[in-house]
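Chemist: I'd like to ask you about the structure that follows.
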Amino acid sequence: LLNIPPNRDGLLQAEDIAALRAFGDYRRATFSRDLAAKAKVTASNVRGNAPAYAGANMVDNRADSFWATDDAVLTAEAVVDFAQPITFSVIRLREPIRLGQRIDSVAVDRWNTGTWEPLATATSIGARRLIRLEKPVEAARLRLRITQASASPALSEFAVFTEPGDAQR
(Lines give C-alpha, C1' and ligand atoms only; values in the text may rest on other atoms or scores of the structure.)
Protein backbone atom coordinates (compact mmCIF):
# COMPACT_ATOMS: atom_id res chain seq x y z
CA LEU A 1 0.00 0.00 0.00
CA LEU A 2 1.74 3.11 -1.21
CA ASN A 3 -1.07 5.49 -0.24
CA ILE A 4 -0.63 7.78 -3.23
CA PRO A 5 -4.05 8.93 -4.44
CA PRO A 6 -4.75 10.62 -7.77
CA ASN A 7 -5.63 14.31 -7.79
CA ARG A 8 -9.05 15.67 -8.86
CA ASP A 9 -8.09 15.18 -12.50
CA GLY A 10 -7.37 11.50 -11.92
CA LEU A 11 -3.61 12.00 -12.27
CA LEU A 12 -0.72 11.48 -9.92
CA GLN A 13 1.21 14.52 -8.76
CA ALA A 14 4.68 15.02 -10.27
CA GLU A 15 6.24 14.77 -6.78
CA ASP A 16 4.51 11.43 -6.20
CA ILE A 17 5.68 10.10 -9.56
CA ALA A 18 9.26 11.11 -8.74
CA ALA A 19 8.99 9.43 -5.32
CA LEU A 20 7.64 6.22 -6.92
CA ARG A 21 10.49 6.19 -9.45
CA ALA A 22 13.06 6.69 -6.69
CA PHE A 23 11.44 3.90 -4.66
CA GLY A 24 11.53 1.58 -7.69
CA ASP A 25 15.20 2.38 -8.28
CA TYR A 26 15.95 1.74 -4.60
CA ARG A 27 14.14 -1.64 -4.67
CA ARG A 28 15.89 -2.75 -7.87
CA ALA A 29 19.29 -1.74 -6.49
CA THR A 30 18.68 -3.46 -3.14
CA PHE A 31 17.43 -6.78 -4.52
CA SER A 32 19.64 -7.01 -7.62
CA ARG A 33 22.28 -9.23 -6.00
CA ASP A 34 21.57 -12.02 -3.53
CA LEU A 35 24.75 -12.43 -1.49
CA ALA A 36 23.68 -15.91 -0.33
CA ALA A 37 23.31 -17.29 -3.86
CA LYS A 38 26.60 -19.22 -3.77
CA ALA A 39 26.68 -19.99 -0.05
CA LYS A 40 27.00 -23.48 1.40
CA VAL A 41 24.06 -24.54 3.58
CA THR A 42 23.93 -27.28 6.18
CA ALA A 43 20.69 -28.15 7.97
CA SER A 44 20.07 -29.86 11.30
CA ASN A 45 17.35 -32.04 9.74
CA VAL A 46 16.40 -32.86 6.15
CA ARG A 47 13.16 -34.61 5.27
CA GLY A 48 14.03 -38.29 4.79
CA ASN A 49 17.69 -37.23 4.29
CA ALA A 50 16.65 -36.66 0.67
CA PRO A 51 18.63 -34.20 -1.51
CA ALA A 52 15.28 -32.98 -2.87
CA TYR A 53 14.70 -31.30 0.54
CA ALA A 54 18.27 -30.24 1.40
CA GLY A 55 19.14 -26.92 3.00
CA ALA A 56 20.95 -25.88 -0.19
CA ASN A 57 17.53 -25.51 -1.84
CA MET A 58 17.03 -22.26 0.09
CA VAL A 59 19.81 -20.55 -1.87
CA ASP A 60 19.34 -22.10 -5.34
CA ASN A 61 17.09 -19.29 -6.67
CA ARG A 62 14.42 -21.77 -7.77
CA ALA A 63 10.80 -21.23 -6.79
CA ASP A 64 9.99 -24.95 -7.00
CA SER A 65 12.59 -26.22 -4.51
CA PHE A 66 12.73 -25.92 -0.73
CA TRP A 67 14.33 -27.15 2.46
CA ALA A 68 12.00 -29.30 4.55
CA THR A 69 12.26 -31.24 7.78
CA ASP A 70 10.77 -34.55 8.79
CA ASP A 71 7.12 -34.46 9.93
CA ALA A 72 7.89 -34.76 13.65
CA VAL A 73 10.45 -31.92 13.59
CA LEU A 74 8.98 -28.51 14.46
CA THR A 75 12.20 -26.67 15.33
CA ALA A 76 15.36 -26.81 13.22
CA GLU A 77 18.30 -24.76 12.10
CA ALA A 78 20.36 -24.18 9.00
CA VAL A 79 23.83 -22.66 8.81
CA VAL A 80 24.67 -20.54 5.77
CA ASP A 81 28.41 -20.33 5.14
CA PHE A 82 29.59 -17.57 2.78
CA ALA A 83 33.26 -18.71 2.75
CA GLN A 84 34.30 -15.09 3.30
CA PRO A 85 32.71 -12.19 5.19
CA ILE A 86 29.90 -10.30 3.50
CA THR A 87 28.18 -7.08 4.52
CA PHE A 88 24.39 -6.93 4.35
CA SER A 89 21.38 -5.23 5.88
CA VAL A 90 18.31 -7.09 4.56
CA ILE A 91 17.33 -10.75 5.00
CA ARG A 92 14.59 -12.23 2.80
CA LEU A 93 12.81 -15.45 3.73
CA ARG A 94 10.09 -17.31 1.82
CA GLU A 95 8.02 -20.35 2.56
CA PRO A 96 6.76 -22.54 -0.30
CA ILE A 97 3.32 -21.08 0.30
CA ARG A 98 1.53 -23.73 -1.77
CA LEU A 99 2.22 -26.02 1.23
CA GLY A 100 0.65 -23.50 3.59
CA GLN A 101 2.15 -21.20 6.16
CA ARG A 102 3.98 -23.40 8.65
CA ILE A 103 6.67 -21.33 10.34
CA ASP A 104 5.53 -19.26 13.32
CA SER A 105 8.83 -17.73 14.44
CA VAL A 106 12.48 -17.59 13.43
CA ALA A 107 15.76 -16.18 14.67
CA VAL A 108 18.90 -15.31 12.72
CA ASP A 109 22.33 -15.35 14.35
CA ARG A 110 25.77 -14.47 13.04
CA TRP A 111 29.04 -16.20 13.83
CA ASN A 112 31.22 -13.66 15.59
CA THR A 113 34.62 -14.44 17.13
CA GLY A 114 33.83 -18.05 17.96
CA THR A 115 30.24 -17.78 19.12
CA TRP A 116 26.73 -17.26 17.75
CA GLU A 117 25.41 -13.74 18.28
CA PRO A 118 21.67 -12.97 17.95
CA LEU A 119 20.97 -10.72 14.98
CA ALA A 120 17.22 -10.68 14.31
CA THR A 121 13.93 -12.39 15.04
CA ALA A 122 10.62 -12.49 13.19
CA THR A 123 7.20 -14.01 13.49
CA SER A 124 5.53 -15.73 10.55
CA ILE A 125 7.12 -15.82 7.13
CA GLY A 126 4.44 -16.80 4.63
CA ALA A 127 4.94 -15.85 1.00
CA ARG A 128 7.75 -13.42 1.89
CA ARG A 129 9.30 -11.85 4.97
CA LEU A 130 11.84 -9.06 4.82
CA ILE A 131 13.95 -8.39 7.88
CA ARG A 132 15.71 -5.03 7.68
CA LEU A 133 18.54 -4.65 10.15
CA GLU A 134 19.14 -1.35 11.95
CA LYS A 135 22.59 -1.10 10.39
CA PRO A 136 24.73 -3.15 8.00
CA VAL A 137 26.33 -6.24 9.49
CA GLU A 138 29.37 -8.26 8.45
CA ALA A 139 29.35 -12.05 8.75
CA ALA A 140 30.98 -15.08 7.18
CA ARG A 141 28.30 -17.43 8.56
CA LEU A 142 24.67 -17.03 9.53
CA ARG A 143 22.39 -19.42 11.36
CA LEU A 144 18.66 -19.51 10.73
CA ARG A 145 16.74 -21.04 13.61
CA ILE A 146 13.13 -22.10 13.20
CA THR A 147 12.05 -21.58 16.79
CA GLN A 148 8.39 -22.50 16.38
CA ALA A 149 6.32 -24.09 13.62
CA SER A 150 2.77 -25.38 13.43
CA ALA A 151 3.83 -28.14 10.98
CA SER A 152 7.16 -29.43 9.73
CA PRO A 153 9.04 -26.36 8.47
CA ALA A 154 9.61 -25.78 4.77
CA LEU A 155 11.59 -22.82 3.48
CA SER A 156 12.14 -21.98 -0.18
CA GLU A 157 14.42 -18.95 0.19
CA PHE A 158 17.06 -17.52 2.46
CA ALA A 159 18.63 -14.47 0.82
CA VAL A 160 20.66 -11.49 2.03
CA PHE A 161 21.11 -8.13 0.38
CA THR A 162 22.94 -4.85 0.73
CA GLU A 163 20.93 -1.65 0.51
CA PRO A 164 22.25 1.28 -1.52
CA GLY A 165 24.04 3.68 0.81
CA ASP A 166 24.71 1.06 3.50
CA ALA A 167 28.20 2.47 4.02
CA GLN A 168 26.61 5.77 5.10
CA ARG A 169 24.13 4.24 7.57
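The values are calculated or read from the model by the stated rules, or taken from the named source; none is laboratory data. A quick note: this is a predicted structure, and the numbers were derived from the prediction, not measured. Here the Cβ positions follow ideal geometry from the backbone for every residue, glycine too, while neighbour counts run over all protein chains shown. These accessible areas exclude ligands, DNA and RNA; they are computed on the full protein's heavy atoms, side chains included. Shrake-Rupley method; radii C 1.70, N 1.55, O 1.52, S 1.80 Å.
Chemist: Normalised by the number of residues in the chain, what is the relative contact order in percent for Cα pairs under 8 Å and 6+ residues apart?
Modeler: Normalised by residue count, the contact order of the chain is 28 percent.
Chemist: How big is the C-alpha Rg of the chain next to the rule-of-thumb value 2.2 N^0.38 Å, as a ratio?
Modeler: Relative to the 2.2 N^0.38 Å estimate, the chain comes out at 1.17.
Chemist: Picking from 63, 54, 76, which is most flexible by a Gaussian network model of the chain using Cα springs under 10 Å?
Modeler: Taking springs between Cα atoms under 10 Å, the residue moving most is 63.
Chemist: In the range 1-51, which trypsin sites (Lys or Arg not before Pro) fall in coil by DSSP and have 11 or fewer other Cβ atoms within 10 Å?
Modeler: Sparse-neighbourhood loop trypsin sites (Lys or Arg not before Pro): 8, 33, 38.
Chemist: Just to be sure I understand the model, the point goes 7 Å from the Cα along the line to the Cβ. What's the resulting residue 40 to residue 70 distance in nm?
Modeler: So the two model labels end up 2.5 nm from each other.
Chemist: Continuing with this model, one more query. Which of the peptides 133-139, 114-120 is most tightly packed, and how do the rest follow, going by the mean number of other Cβ atoms within 10 Å of each residue? All intermediate terms of the calculation are to be shown ahead of the outcome.
Modeler: On the way: 133-139: 14.4, 114-120: 12.1.
Final packing ranking: 133-139, 114-120.
Chemist: Just to be sure I understand: with springs between alpha-carbon atoms less than 10 Å apart, which residue in 70, 109, 25 has the highest mean-square fluctuation in the Gaussian network model of the chain?
Modeler: 25
Chemist: Positive end of the dipole of the range 129-169, charges at C-beta (+1 Lys, Arg; -1 Asp, Glu), about the Cα centre: which of 154, 139, 165 has its Cα farthest in that direction?
Modeler: Farthest along the dipole direction, towards plus: 154.
Chemist: Taking all protein chains as present, what is the carbon and sulfur share of the accessible area of the range 56-169, in % to the nearest whole number, probe 1.4 Å?
Modeler: The computed percentage sits at 46.
Chemist: If a paramagnetic tag sat 7 Å from the Cα of residue 138 along the Cα-Cβ line, which residues of the range 103-124 would have the backbone N under 12 Å from that point?
Modeler: 113
Chemist: For labels at residue 84 and residue 97 in the simple 7 Å Cα→Cβ model, what's the distance in nm?
Modeler: Going by the 7 Å Cα→Cβ label model, 3.6 nm.
Chemist: Counting only heavy atoms of the protein chains, get the accessible area per residue of the chain (1.4 Å probe) and round it to a whole Å² value.
Modeler: On a per-residue basis, the chain sits at 58 Å².
Chemist: Further, regarding this structure: Taking the Cα-to-Cβ direction at residue 19 and at residue 148 and moving 7 Å from each Cα, how far apart do the two end points lie in nm?
Modeler: So the label points at residue 19 and residue 148 sit 3.6 nm apart.
Chemist: I would also like to ask the following. With axes computed from alpha carbons, what is the tilt in degrees of helix 14-30 against the longest principal axis of the chain, rounded to the nearest 10 within 0 to 90?
Modeler: Between the helix axis and the principal axis of the chain, the angle is about 20 degrees.
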